[in-house]
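Take a look at the structure below.
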Amino acid sequence: MKTPQTKVKKKVNPVAKGFATATKIVSPITPKASAKALERKNIRAALVSFASLVGCPVKNEDGSVIGKLVDVVVQNGNETYPAVSGLIVRVGQSKAYIDGARITKLSPKEIVLQAKSINLGDFQRRPGESLLDADVLDHQIVDVNGLRVVRTSDLYLAPLDKEIRLVGVDVSFRSFVRRIFPGTFGRKPGVDQVIDWASVASLADDGGVVRTTATREALSKLRPADIADIIEDLEGREQSALIELLDPDLAADALEEMEDDELQGLLRGISDERAAELLSHMEPDESAEVLRDLDEEHSESILAQMAPAMAKQLRRLVEFDETHAGGIMTTHILIVKESDTVSDALKLLVEHRERDISDGVTVVDSKGKLLDHIQIIELIAAKPSEKLESLVAAPFPTAVGIETPLEEVIEEFSSNRGSSVIVVDEKGKPVGRILADDIIDAMVPAESSGFAQGSGALS
């Protein structure tokens, strides 16, 4: 049986050929073929420590030294394991860029290149590029599987899919010490605490972030509460980077789980535009609470970046006192007319199914005044062509005014045992709802003001 070297002798990419000289050659594996590259023994056997490469000589095939390695460039994209696209090499006083395809040997002691002329112009970062030393090494990252924030001690490269790729990250103290004190623990990388790159969210500074589709997918599987904990463990730049990486809806859900102080600090570290986007995806009452805690100038700067209708809604909510019904209500409420049909109501519920607020519809008369709140189960049981007015019947929903004090809202909620309380304006028109979690959230800070937490009763 022919060896892998024999097989690829005529067609091998120089990148893969180089590893055959420095390490045991491995069979090409596409990122899609293996969810976790480090689960394969041959990949682990071929790992090369990035930290050991920094500062090592870069040579031509004739042995002449070109310069010393400064950094490695990887290309961000849709692949799980970012490919090495080039090297940054110090040549005299310049930092030259060398195409990664020219690598014929890669080892902790040297990097050998195909003999070609070198452009000695200073390296200029291009869009979509990240630098392993400048952007990733010694930075905080998220171990998605372990639900923890860690700091990178080393990074590991390996031949994968006929290219050199970033496949793992070492977070061990042992690797950190080996870097600080060369020769300690030997130069061979230990893999006891190496995390597969497929499980990593790298959060570099503004210079470049290693972002892959796999990162986004991994983060999307986490609970908002877990993401909130991770965000709170991160430092400023990495914290902002994670927020930028998340889907707006998921980010908004995570922000709702954060402690107030942490959330305020985070919003100060991101752009007003991004803050506006996130607050627009949060429940209006939650967004209003956040805006109340910001200074007026910052709050207005964020509101200025929102759609006019959303900004108007939140400005109104912010003005309400948190000790009154208007200050804790959500304006996510589905209002239908009594003349509408059951089919109309169900269609509206389907259109707003992404909102976790729709247990039914609120019915109003021809003047917009509150009549009833009809549950989904009642709608499903009724004929699609039936008018909603025929479903209006006791028991009717509990309604409170915008200025109703919190203690009265709690009493009403407790005595009526409904799933929500409808908030109406001075004309009896519904403007919002107060849900059970709104009541609980309001009672926690009110504990010191004389409320018995969890009971709904005054002490």
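The values are calculated or read from the model by the stated rules, or taken from the named source; none is laboratory data. Quick caveat, the model's predicted, so the values are computed rather than measured. Ideal geometry is used to build each Cβ from the backbone, glycine not excepted, and the neighbour counts take in all protein chains shown.
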So residue 390 fits all but one of (1) among the small types (Gly, Ala, Ser); (2) surrounded by fewer than 18 Cβ atoms within 10 Å (Cβ to Cβ); (3) touching a residue at least 12 places away in the same chain (Cβ under 8 Å); what number is the exception?
(3)
Looking only at strands (runs of 3 or more DSSP E) that fall completely inside the stretch 46-96, which ones have 3 or more residues that are buried (at least 16 other Cβ atoms within 10 Å of the Cβ) and free of Cβ contacts under 8 Å to residues at least 40 places away in the same chain?
83-91
Testing residue 101 on (1) in contact (Cβ under 8 Å) with a residue 40 or more places away in the chain; (2) in a strand (DSSP E or B), one condition comes back false. Which one is that?
(2)
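So if I check each of 402, 377, which one is over 24 Å from residue 282 (Cα atoms) and either in the same structural domain as residue 421 (by TED's automatic domain parsing) or exposed (fewer than 13 other Cβ atoms within 10 Å of the Cβ) (or both)?
377
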Got at least one residue in the stretch 385-395 being under 30 Å from residue 286 (Cβ atoms), in contact with a strand residue (DSSP E or B) (Cβ under 7 Å, 6 or more places away or on another chain) and of a type in the set (S, T, N, Q)?
no
Looking at the structure I just gave you, is residue 348 outside the structural domain of residue 248 (by TED's automatic domain parsing), touching a residue at least 24 places away in the same chain (Cβ under 8 Å), more than 30 Å from residue 269 (Cα to Cα) and among the hydrophobic types (A, V, I, L, M, F, W, C)?
no
When you go through 249, 205, 233 one by one, which is the residue that is at pLDDT 85 or above, surrounded by fewer than 21 Cβ atoms within 10 Å (Cβ to Cβ) and not hydrophobic (A, V, I, L, M, F, W, C)?
249
Only one of 51, 46, 83, 33 is at pLDDT 50 or above and under 27 Å from the mean Cα position of the chain (by Cα). Can you tell me which?
83
So how many residues does the stretch 252-298 have that are assigned to a helix (DSSP H, G or I), within 20 Å of residue 312 (Cα to Cα) and charged (D, E, K, R)?
11
Looking at (1) at pLDDT below 80; (2) touching an Asp or Glu at 6+ places or on another chain (Cβ under 7 Å); (3) polar (S, T, N, Q), which is the one condition that is false for residue 375?
(1)
Note on residue 129: of the conditions (1) surrounded by fewer than 16 Cβ atoms within 10 Å (Cβ to Cβ); (2) under 30 Å from residue 245 (Cα atoms), unmet is (1)
Hits in the stretch 259-308 (condition: closer than 19 Å to residue 249 by Cβ and either among the charged types (D, E, K, R) or in the same structural domain as residue 438 (by TED's automatic domain parsing) (or both))
273, 274, 277, 283, 285, 286, 289
